[in-house]
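Worksheet: one structure, shown below.
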Amino acid sequence: MRQIREYCGIFGIFNAPDAARMIYYGLHALQHRGQESAGIATATFDEARGRPMMPHYKENGLVLDVFRDQSLFEEKLLGDSGIGHNRYSTTGSSDNRANIQPFVVHDRTGNVALAHNGNISNARELRQAFQDRGTLFQTTSDSELVLHLIAQSRRTRRIDQVLDALAQVEGAFCLVILTDDALIAVRDPNGFRPLALGRKLNRDGTYAYCVASETCAFDLVGAEYMRDVEPGEVVVIDRKGTVTGEFASYNLARRFGTSQCVFEYVYFSRPDSKVFGEMVDKVRRKIGKALAHDAPVPKVKRGQRPPIVIAVPDSSNTATLGYASECNKIGYPCKFEIGLIRNHYVGRTFISPGQDNRELKVRTKFNTVEGVLKDRVVVMLDDSIVRGTTARQLVKMVRDAGAKEVHFRVASPPVRSPCFYGMDFPSKEELLVNQFDSIDEMAAWLGVDSLAYLSIDGMMQGVSNANPACEGAMCNACFSGQYPVPVVLDAQKEENEWQ
Ligand code: SF4
C-alpha cells in the first residue's frame, strides 16, 4: 500500500560534537517519511562576528543527494546542536522551494529554527488573522505560522514565547525547535504523530540528546531510546540538562484524550522502530495474527499442496509472518513464501507516452517469482488497500506467473474516510471501498478468488495485545469514520496548505 503518505520526518540533536553529520544519518533513517526535500540547521557561535549563528542548508531531493558535498559538514553546518527535516509535500506546495524546512529566522531574542511533521488544523484562521494585520509570508507552510507566533509573543524568555505560540495552534503535529541555547521538542496534545527521545554517549563522557520521529534514526547514530515525548509535552533540552540528565518539561492544554495514529503501526513506520512505546515489528505481527483469526487461508483438499502466503513487500512482510504462523497454529496449513520482489531503486521512473503507465509503474517496482507461484493457491497479503490500483495490477502479475488461485488478505480494515491529522489521503471518492457496494464486487474488480479484511476490533485487539498502553489511546478514524478531534470536513482538507 503506497498511496497514503506521511508528511515528514524530523530529527534533532543537542550536545553532539558532530551534530550535522548525526542529523544527516538520522534523516537518512527517516527517508521513508518524506522524499521531496531535506534540510539541516545547526546552532553555533561565530567568533569573528561575536554572535550566535544558525547556518542551514536545504534542497529538493533525497538526503543522500542533498548532502553530497562533504564540505557542508566541515565548513558550513558547524556547532554541536541542530535539527533536520525530510519533507513530503502535496502537489503544488512541492514546487515552492521556500517551503523546504527547517525554517530559520532571527528575531529580537536571537535565532530560531523550526521543523515540523503533521498539520495545523487552525492554520487558515491563523494565517488570515496575520494577513489582516499586514504580516507578509514567505512560504505557504503551516510551520511559518508558528515562527510568526513565537516572534510576536510579548514574553521575553524564548521558551515562554514558544509556549505562547503553541497555546494558539491546534492539530496533529510534532515540532523540533532549535534556539541559540536549547533544543525544544513538541508533541501535539493528542499525540497523533510519534516523537521519541534518546541519548548517545560522547567520548568525553557527556551525553548528546536527540529526538526523532522514529527510533530507527537513533539506531543509525548509535543513540539509545529513553522514552517518548508524551502527548502535549514540550521538552527543553539545554546545557544544564545535559549535566543533570533532567530537562524542563511543560504540558500543553489538552481538550481531548490521547489519539495516536494506528496507521503508523499498520503501514507507515519502519518495523525496526519503537513507536508509541512499542516495536512496530511486534505490533504488526500481532495484527497479522489477528487477521488469521478473522480471515485464515482457504482450506485445501486432502492430498493437495497447502496455499502459499506471500507479502506485498516491504511494509506487509511482518504482518504476513504473523499471519502465516498463526494460520498454521489454528489449523489452516500454509507456507510463507517470497513470491513478489520489490525493486528499491526505482525513484521517479520515466515512462514514455503511449506505454501503459499504470502497469509499467507497478512493474518497475515489483516482479514475480514464477517458480514460487506457478500452479499454487496463493494468498497475497497487503497491509492496507487505498485506491486498489496497485493491488489489482499485482494480482494480474501473480496470475500471469501461473498461480492457480489468488486470494487477497488485508491486514487492516477497509480505508473509508480521509485523514485530517497529518497523513495525505486520496479523496473519499477515490478510496476503493467507497466505489463498490460489497466486498464481493471489490474482489471481482481486483480479479481475486476471495478478498477479506481485518476487522476494526481485530486490528485494535492486535495493537493492544502488543502494546497494552495503546488501549483506548489510538485514532482509527480513517477506518471507522470516528474522528477523535472534530474536523471541518472537506473545506479544511482543501484549504489547509500542509507543510
Ligand atoms: S485518521 Fe487514520 S491516518 Fe489519520 S491519524 Fe487517524 S488513524 Fe492515522
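The values are calculated or read from the model by the stated rules, or taken from the named source; none is laboratory data. In this text, all values refer to a predicted model and were calculated from it rather than measured experimentally. Note that we place each Cβ from the backbone using ideal geometry, even for glycine, and neighbour counts take in every protein chain shown. All accessible areas refer to the heavy atoms of the entire protein, side chains included, with ligands and DNA or RNA removed. Shrake-Rupley method; radii C 1.70, N 1.55, O 1.52, S 1.80 Å.
Quick one: which of V448, V386, V433 is in a loop (DSSP other than H, G, I, E, B) and within 16 Å of the ligand (Cβ to nearest atom)? Of the residues listed, the single one that is in a loop (DSSP other than H, G, I, E, B) and within 16 Å of the ligand (Cβ to nearest atom) is V386. The set of residues from region 190-203 being out of contact with any helix residue (DSSP H, G or I) (no Cβ under 9 Å at 6 or more places or on another chain), surrounded by fewer than 24 Cβ atoms within 10 Å (Cβ to Cβ) and either among the small types (G, A, S) or in contact (Cβ under 8 Å) with a residue 60 or more places away in the chain (or both) comprises N202, R203.
So the check is Cβ under 6 Å with 6+ separation or different chains; which pairs have a first residue in region 289-301 that's within 12 Å of V410 (Cα to Cα) and a second one that's open to solvent by 70 Å² or more (accessible area, probe 1.4 Å)? Pairs that qualify, where the first residue is within 12 Å of V410 (Cα to Cα) and the partner is open to solvent by 70 Å² or more (accessible area, probe 1.4 Å), are A290/Q461.
Screening D400 against (1) within 16 Å of the ligand (Cβ to nearest atom); (2) more than 23 Å from P296 (Cα to Cα); (3) of a type outside the set (A, V, I, L, M); (4) open to solvent by 10 Å² or more (accessible area, probe 1.4 Å) leaves a single unmet condition, (1). Of all residues in region 228-255, those being assigned to a strand (DSSP E or B) and on the phi > 0 side of the Ramachandran plot number 0. Identification of helices (runs of 4 or more DSSP H) wholly contained in region 125-226 with 2 or more residues that are at pLDDT below 95 yields 142-152. Given the condition outside any strand (DSSP E or B) and in contact with a strand residue (DSSP E or B) (Cβ under 9 Å, 6 or more places away or on another chain), answer yes or no: does some residue in region 42-51 qualify? Within region 42-51, none of the residues are outside any strand (DSSP E or B) and in contact with a strand residue (DSSP E or B) (Cβ under 9 Å, 6 or more places away or on another chain).
A quick yes/no check of all residues on (1) within 12 Å of the ligand (Cβ to nearest atom); (2) open to solvent by 40 Å² or more (accessible area, probe 1.4 Å):
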| site | (1), (2) |
| --- | --- |
| I237 | no, no |
| G241 | no, no |
| E246 | no, yes |
| S259 | yes, no |
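Taking the criterion of being open to solvent by less than 10 Å² (accessible area, probe 1.4 Å) and either out of contact with any strand residue (DSSP E or B) (no Cβ under 7 Å at 6 or more places or on another chain) or more than 16 Å from the ligand (Cβ to nearest atom) (or both), the residues of region 171-181 that qualify are L175, V176, I177, L178, T179.
Scanning region 111-122 for residues that are open to solvent by 10 Å² or more (accessible area, probe 1.4 Å) and either among the hydroxyl-bearing types (S, T, Y) or closer than 19 Å to P55 by Cβ (or both) yields a count of 2. Quick check: is even one residue across region 221-232 surrounded by 24 or more Cβ atoms within 10 Å (Cβ to Cβ) and touching a Lys or Arg at 6+ places or on another chain (Cβ under 9 Å)? Within region 221-232 (the criterion being surrounded by 24 or more Cβ atoms within 10 Å (Cβ to Cβ) and touching a Lys or Arg at 6+ places or on another chain (Cβ under 9 Å)), the answer is yes, since at least one residue qualifies. Looking at R108, R127, just one residue is farther than 17 Å from D188 by Cβ, open to solvent by 50 Å² or more (accessible area, probe 1.4 Å) and out of contact with any strand residue (DSSP E or B) (no Cβ under 6 Å at 6 or more places or on another chain), and that residue is R108.
Yes or no: S480 out of contact with any strand residue (DSSP E or B) (no Cβ under 7 Å at 6 or more places or on another chain), open to solvent by 10 Å² or more (accessible area, probe 1.4 Å) and closer than 28 Å to D228 by Cα? Answer is yes for this residue.
Number of residues in region 182-227 that are closer than 16 Å to F247 by Cβ and within 16 Å of the ligand (Cβ to nearest atom) equals 2. Restricting attention to region 268-281, the residues being more than 9 Å from the ligand (Cβ to nearest atom), assigned to a helix (DSSP H, G or I) and open to solvent by 10 Å² or more (accessible area, probe 1.4 Å) number 1.
The set of residues in region 41-75 being surrounded by fewer than 17 Cβ atoms within 10 Å (Cβ to Cβ) and more than 29 Å from the chain's Cα centre (by Cα) consists of F45, D46, E47, A48, R49, G50, R51, P52, S71, E74, E75.
Remark: pairs (first residue in region 96-107, more than 12 Å from V146 (Cβ to Cβ); second residue at pLDDT 90 or above and part of a loop (DSSP other than H, G, I, E, B); Cβ separation under 6 Å; 6+ apart in sequence or on different chains) = V104/M54. Do you know which residues across region 219-243 are touching a residue at least 60 places away in the same chain (Cβ under 8 Å) and of a type in the set (A, V, I, L, M, F, W, C)? Scanning region 219-243 gives L220, V221, V234, V236, I237.
With respect to Y7, determine if the residue is away from the ligand (no atom under 16 Å from the Cβ) and aromatic (F, W, Y). Here the answer is no, as Y7 does not meet what is asked.
Taken over region 404-416, the criterion of being open to solvent by 10 Å² or more (accessible area, probe 1.4 Å) and assigned to a loop (DSSP other than H, G, I, E, B) is satisfied by K404, P414, R416.
If you check S455 against the conditions, is it modelled with pLDDT of 95 or more, open to solvent by 30 Å² or more (accessible area, probe 1.4 Å) and within 12 Å of the ligand (Cβ to nearest atom)? It is false that S455 is modelled with pLDDT of 95 or more, open to solvent by 30 Å² or more (accessible area, probe 1.4 Å) and within 12 Å of the ligand (Cβ to nearest atom). Only residues that are more than 12 Å from the ligand (Cβ to nearest atom) and farther than 20 Å from Y453 by Cβ: list them for region 414-430, please. Listed by number, the list holds a single entry, S427.
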